[in-house]
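Working notes, structure below.
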Amino acid sequence: MLKNVGTWDRTARIILGLALLSLVIIGPRTWWGLVGLLPLITGLARLCPAYSIGGVNTCALGASGQREGKA
């Protein structure tokens, strides 16, 4: 499976996902917090379908010049 989400992008997605999910439990207690599942899942899987469609890859280049996410 091709990974297209790099380290900094992955960290930001996980933090954003958890922050949005916290809206379901604390804060205004709105179901819109479930939108946080999208960045959380894409961050944990290191695969973003929107990036695949747009041809974006935030993975760093390895020593061989290949993207680190190539399988």
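Take the residues of the stretch 1-19 that are in a helix (DSSP H, G or I) and either touching a Cys at 6+ places or on another chain (Cβ under 7 Å) or among the charged types (D, E, K, R) (or both): which is nearest to residue 40 (Cα to Cα)? Quick ask: steps written out before the conclusion?
Taking the stretch 1-19 and keeping what is in a helix (DSSP H, G or I), we get 7-19.
Imposing the further condition that a residue be either touching a Cys at 6+ places or on another chain (Cβ under 7 Å) or among the charged types (D, E, K, R) (or both) reduces the set to 9-10, 13.
Details: 9: 11, 10: 9, 13: 6 Å.
Only one residue tops the list, namely 13.
How many of the residues making up the stretch 14-59 are aliphatic (A, V, I, L, M), surrounded by 12 or more Cβ atoms within 10 Å (Cβ to Cβ) and more than 11 Å from the chain's Cα centre (by Cα)?
Looking only at that region, the number is 9.
The numbers here are math on the coordinates, done by the rules we state, and not lab data. Source: prediction; values computed, not measured. For neighbour counting, all protein chains shown are included, and Cβ atoms are generated from backbone atoms with ideal geometry for every residue, glycine included.
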